[in-house]
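Have a look at the structure below, then the notes.
The values are calculated or read from the model by the stated rules, or taken from the named source; none is laboratory data. This is a predicted model, so every value here is computed, not measured. Cβ coordinates were reconstructed from backbone atoms using ideal geometry, including for glycine residues, and neighbour counts include every protein chain displayed. Remember, those area values only see protein heavy atoms, side chains included, never the ligands or the DNA or RNA. Shrake-Rupley method; radii C 1.70, N 1.55, O 1.52, S 1.80 Å.
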Amino acid sequence: QFFVFCHGLLQLSQLLVSGYLKSSISTIERRYGLSSRTSGLLASFNEVGNTLLIVFISYFGSRVHRPRFIGAGAILVSLAGFLMSLPHFLTGPYEFDKSVASTFSNTTDLCQPRPWGNLSDASCTPRASRENHEVLLVMFIAQALLGIGGVPIQPFGISYIDDFASERNSPLYLGILFSVTVIGPGVAFMLGSAMLQFYVDIDKVSGAEVQLTHGDPRWVGAWWLGFLVAASLVALSAVPYFFFPREMPKEVGEVLQVSLFALLLSGFPLVLLRNLRHPVYLLVVLAQVNISAMVAGLATFMGKFLERQFSLTASFANMIIGAVNIPGAMVGIVVGGAILKRFQMSLGRCSAMCVLGMFLCLLVAFPLLFLGCPTQKVAGVTYSDSSEFGHHELECNLQCSCPKQAYNPICGSNSIEYISPCSAGCRAVNIQEDTNSVLNYTDCSCISENGGFAAPGTCSTGCSHLFLPFVVLSCLAGILASTSHTPSFMLILRSIQPEDKSFAVGIQFMLLRVLAWMPGPVLYGSAIDTTCILWERRCDRKAACRYYDNTLFRQR
């Protein structure tokens, strides 16, 4: 029982490390200028290390000291977690365009009649571009290590428990572990929600220096802090594993153990062909591949989607996902299992239940295509006075010599957004004395209505009333879709020959990894990138996206 407790704790903290990345992905994109395609690849890269090794590990399962292997894997995972936060300590403080000169820089992005303190060219030193490569390299290595370290944890833990637990208790223990793996991502998103409320350079600058609020589009939260917390938890839960024995006396009731892999290797190609030719098995696995690819993509970018569509902070978006969407999916899985148990379903009924669940999910999810916000009006990007799209130079700020790359969005009194105070032709700024934060910008030549002033921050997309229906419907859709989780597993387990069972499940997970979990986030990220209308440029490379076409983003 102590082993089960330790293993639950370890699986939870391992999921914290891998799940936390998904919760802070939009923040990392903004901090290091990544496209969603790159961040999607990063998010799924841990599956690479995992997939390469999983076959070997399951093969050696019966011949090694399993607890020690689990402990070693956990230490790798915790190392990966610490590595993930390393870029924060390698790079300098986060720099953003400001109107108020600070101790860091004396540049300003107000309208200046002569070229003065040009922002864009100063920031591109060879060091800056090298720094970016180093950051990506460290993060990809960390993700690969995370995958490799995670390999022994689940298979060895489950087989160890199954070997030494009594027949009666084993399902209960495995059920506990399964529920932990489902809760894990929810906890990870809540951790993300908490950490992203702190400013990224909380360890490098004093509070007075930070002129950003949470809602500011330039705000970057302390993404690295969560990795330190999660990695420390993993390291703590790894300790007991080095003290468990290689074998335990079995809880009452012996059962014969046959080496799975001796059986496997003798008939490996035959079994493989027999299973893949089995239509039910193949179809169900393909269905699961499709839904898993969707879940993998959504889990990675759902937070970013909510932030952009409904103008939410990253912290709040994570809280919604961790507190509403993931628990909804858990409820669906439990309900599906309960219905199965209550009505002793045949295979035909199992598949009917899967079809019904997915069909209802489609019906509920269909309105989500329309529930969202239009893109805000951004002068010179999505909106110009000649009213057609296009990147016009605005006449009213020609005398300002604005830096190309300035990004400090403000919302004019005409409710049009400008990329920076300079592009709105603002010449003066009012500052609140005690906090050194910007109150408003005045004397803006591009804003004719109501006195020509502007407030800092983006204009809200102005459809917050659609947010609640969106959350309710997406949660419902998730519940309905996940009711088919257990019956689809039953279809696989019952439609194949008993001696192929564990092998068939192994192949299933392998296919899910290669066809769903790996490409899913990359495909989603690439699709999101196609809806970008304004890219930030860093050293002449495309960095993160500043503005998306919200309608296209939602539909794709």
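Here are a few things to note about the model shown:
- The range 2-53: projected area of the alpha-carbon convex hull, averaged over directions, in nm²: 4.5
- The HN-Hα couplings worked out from phi for the range 322-339 by the Karplus form 6.51 cos²θ - 1.76 cosθ + 1.60 (θ = phi - 60°) are x, 9, 10, 5, 5, x, x, 4, 4, 4, x, 4, 5, 4, x, x, 5, 4 Hz, whole numbers, x standing for Gly and Pro.
- Amide proton proximity set for S437, modelled H, under 5 Å, gap of 5+: Q432
- Computed over protein heavy atoms with a 1.4 angstrom probe, the accessible surface ordering of M195, M248, largest first, is M248, M195.
- Positive dipole terminus of the chain, leading residue within G157, Y94, L473 (C-beta point charges): G157
- Each 10 Å bin, from zero up to the one with the longest distance, holds this percent of the alpha carbon pairs of the range 395-456: 25, 56, 18, 1.
- Among the listed pairs K304/K377; K377/K404; K22/K404; K98/K377; K22/K250, those beyond 28 Å (Cα-Cα): K22/K404; K22/K250
- Placing E29, E95, E134, E499 in order of accessible area, with the largest value first and a 1.4 Å probe, yields E95, E499, E134, E29.
- Fully extended contour minus Cα-Cα distance, from E433 to K250, at 0.36 nm per residue: 58.8 nm
- Nearest-10 value in Å² for the accessible area of S170, using the 1.4 Å probe: 10
- For the residues L146, L286, a 1.4 Å probe over the protein chains yields an accessible-area ranking, largest first, of L286, L146.
- Since only T442, A428, Y418 are under comparison, the one whose Cα sits farthest along the positive direction of the charge dipole of the range 395-456, derived from C-beta charges on Lys, Arg, Asp and Glu, is Y418.
- Carbon + sulfur, % of accessible area of the chain - ligands and nucleic acids excluded, 1.4 Å: 67
- Computed about the Cα centre, the dipole magnitude for the range 395-456 is approximately 200 debye when only Lys and Arg (+1) and Asp and Glu (-1) carry charge, each at its Cβ.
- Taking the DSSP bridge list for the chain and keeping only pairs wholly inside it, about 90 percent are antiparallel.
- Each stretch of four or more DSSP H residues adds -39500 (n - 2.57); spread over every residue of the chain, this sum gives -18500 deg cm²/dmol at 222 nm.
- Accessible area (Å², per residue) of the chain, counting only protein heavy atoms and a probe of 1.4 Å: 47
- Inter-label distance, nm, simple model (7 Å from Cα along the C-beta direction), D203/K542: 3.3
- Magnitude of the charge dipole, the chain, Cβ model with Lys/Arg +1 and Asp/Glu -1, debye to 20: 1600
- Cα centroid separation, the range 331-375 to the range 503-542 (Å): 25
- The chain: projected area of the alpha-carbon convex hull, averaged over directions, in nm²: 27.7
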